[in-house]
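The structure under discussion appears below in the form of structure tokens.
The values are calculated or read from the model by the stated rules, or taken from the named source; none is laboratory data. Since the structure is predicted, the reported quantities are computational estimates derived from the model, not experimental observations. We place every Cβ from the backbone using ideal geometry, glycine too, and count neighbours over all the protein chains shown. Please note that ligands, DNA and RNA were not included when accessible areas were found on the heavy atoms of the full protein model with its side chains. Shrake-Rupley method; radii C 1.70, N 1.55, O 1.52, S 1.80 Å.
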Amino acid sequence: MKIAVLKGDGIGPEVIDESLKILEKIANKYKFDYEIKEGLIGGAAIDSTGVPLPKETIEICKESDAVLLGAVGGPKWDKLPGKLRPESGLLGIRKALDVYANLRPAILFKELKSSSNLKEEVLKDGLDLLIVRELIGGAYFGEKGRETINSNGKDIIRAYDIIDYKSNEIERILKMGFESARKRNKKLTLVDKANVLESSKLWREIAMNMASDYNDIELNFMYVDNAAMQLINNPNQFDVIVTENMFGDILSDEASMLTGSLGNLPSASLGDNKAALYEPIHGSAPDIAGLDIANPIGTIMSLAMMLKYSFNLDDASNDIKSAVSKVLEKGYRTSDIMKNGNIKVSTKEMGNYIASEI
Ligand code: IPM
Ligand code: MG
């Protein structure tokens, strides 16, 4: 098992270190060997090589079976031009690995019900939904630019980011949506803005055409503004949501709060090639970096997803999930999910407690 590790910036290194503890423990228990190669990405890469995604990092990742990534970005690099910002390293590695499908499960650990901002009665049946976010298309990767144009004798600036999708790109992500729904509760919601956007209309048409191959799946459509509202109103109406890049970015942050904290949510980014990418959905949280207070659960759960999707080690993957559950059951919490009566622990302590349950 060849694993590339990109710690990145901010809390990235801290949360990755905890998940590596878990990896060591789980490898001992399930008797598998692995090899780790570290690569630079984001601000850390800028500081030592001048670019956010050095060639060497791309090579390390491409030669690996899976990549575990922390987070990138921070105020130190905010003033750099777009292509030299840490974020472009993240977008670059997603593109280089061609991982077009970003699976973001929002699962509520029952122990965390009171950490959710929703009333307990809304979450009485728990919460278990999956957002399938298209990851390497749309406005993030479409033509973008700026120009100065003359309007009524005055110079004004025009800036644009084109939402660009080709039918083959839509088909492959919708297929991932349908197939994911087939493995779950067989309900797929395509979230779009087909009342306004041409690209959304194409997504809908293709989904309707594909539906006949998936007679067992209940397909429905929802506009993104309504979906944002419905996630709060009645989150359990969803099973799998499939959506374009930017809508998926926004809705997955929203869904994470239903589970108590952005810090809890993992993600897996898959494509048709070997190397898949695993990362928590949270960012680098520069304000709390280095304080040993970040929540490592999103990254640890990303490792669990890696064992399942890249290495078919379902038992080991479930083992991590139940270890997290047990630690939460005992009341241990990092500060982001802390409630009265809980025991506050640091990042490292959280990692140690989870490791000790394996
Ligand atoms: C995410 C993040 C990234 C994104 C940023 C850091 C570029 O918000 O993974 O959701 O927008 O994809
Ligand atoms: Mg995001």
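Residues in the range 259-270 that are away from ligand 1 (no atom under 13 Å from the Cβ), out of contact with any Gly (no Cβ under 6 Å at 6 or more places or on another chain) and within 20 Å of residue 117 (Cβ to Cβ): 259, 260, 261.
Inspect all residues belonging to the range 298-308 and state whether any of them is small (Gly, Ala, Ser), surrounded by 21 or more Cβ atoms within 10 Å (Cβ to Cβ), within 16 Å of ligand 1 (Cβ to nearest atom) and in contact (Cβ under 8 Å) with a residue 60 or more places away in the chain. Break it down into steps so the answer makes sense when it comes.
First pass over the range 298-308, keeping only residues small (Gly, Ala, Ser): 298, 302, 304.
Right, trim to surrounded by 21 or more Cβ atoms within 10 Å (Cβ to Cβ) and you get 298, 302, 304.
Filter once more, keeping what is within 16 Å of ligand 1 (Cβ to nearest atom): 298, 302.
If we keep only those that are in contact (Cβ under 8 Å) with a residue 60 or more places away in the chain as well, we get 298, 302.
Yes.
Please indicate, with yes or no, whether at least one residue in the range 189-212 is within 16 Å of ligand 1 (Cβ to nearest atom), open to solvent by 20 Å² or more (accessible area, probe 1.4 Å) and either more than 16 Å from the chain's Cα centre (by Cα) or not aromatic (Phe, Trp, Tyr) (or both). Taking every residue of the range 189-212 in turn, none turns out to be within 16 Å of ligand 1 (Cβ to nearest atom), open to solvent by 20 Å² or more (accessible area, probe 1.4 Å) and either more than 16 Å from the chain's Cα centre (by Cα) or not aromatic (Phe, Trp, Tyr) (or both). Considering only residues of the range 309-340 that are closer than 20 Å to residue 275 by Cα and touching a residue at least 40 places away in the same chain (Cβ under 8 Å), which is least open to solvent (accessible area, probe 1.4 Å)? Going through the qualifying residues, I end up with 316.
Considering only the range 271-297, state which residues are under 16 Å from residue 260 (Cα atoms), open to solvent by less than 10 Å² (accessible area, probe 1.4 Å) and either within 11 Å of ligand 1 (Cβ to nearest atom) or not in a loop (DSSP other than H, G, I, E, B) (or both). Within the range 271-297, 280, 297 qualify.
Scan the range 226-248 for residues that are open to solvent by less than 50 Å² (accessible area, probe 1.4 Å) and within 16 Å of residue 102 (Cβ to Cβ) and jot them down. I'd like the intermediate steps shown before the answer.
As a first pass, look at the range 226-248 and keep what is open to solvent by less than 50 Å² (accessible area, probe 1.4 Å): 227-228, 230-231, 235, 237-245, 247-248.
Within the range 226-248, 240, 241, 242, 243, 244, 245, 247, 248 qualify.
In the range 19-31, the residues that are under 18 Å from residue 305 (Cβ atoms) reach residues that are of a type in the set (Gly, Ala, Ser) and in a helix (DSSP H, G or I) with C-beta atoms within less than 6 angstrom, at least six apart or across chains, in these pairs: 21/351; 21/355; 22/355; 25/355; 26/316; 30/316.
Against the test of being modelled with pLDDT under 95, among the polar types (S, T, N, Q) and over 23 Å from residue 223 (Cβ atoms), the options 88, 114 yield a single qualifying residue, 114.
The residues of the range 115-164 include none that are away from ligand 1 (no atom under 16 Å from the Cβ), among the aromatic types (Phe, Trp, Tyr) and open to solvent by 60 Å² or more (accessible area, probe 1.4 Å). Does residue 71 satisfy being small (Gly, Ala, Ser), touching a Phe, Trp or Tyr at 6+ places or on another chain (Cβ under 9 Å) and under 25 Å from residue 36 (Cβ atoms)? Criteria not met by residue 71.
Residue count for the range 4-34 satisfying the condition of being among the hydrophobic types (A, V, I, L, M, F, W, C) and farther than 11 Å from residue 69 by Cβ: 7. Taking the range 242-267 as the range and being under 18 Å from residue 200 (Cβ atoms), within 15 Å of ligand 2 (Cβ to nearest atom) and not in a helix (DSSP H, G or I) as the test, the residues that pass are 243, 244.
Does residue 93 fit the bill of being within 12 Å of ligand 1 (Cβ to nearest atom), touching a residue at least 12 places away in the same chain (Cβ under 8 Å) and either assigned to a helix (DSSP H, G or I) or out of contact with any Leu (no Cβ under 6 Å at 6 or more places or on another chain) (or both)?
Values: within 12 Å of ligand 1 (Cβ to nearest atom): yes; touching a residue at least 12 places away in the same chain (Cβ under 8 Å): yes; either assigned to a helix (DSSP H, G or I) or out of contact with any Leu (no Cβ under 6 Å at 6 or more places or on another chain) (or both): yes.
Criteria met by residue 93.
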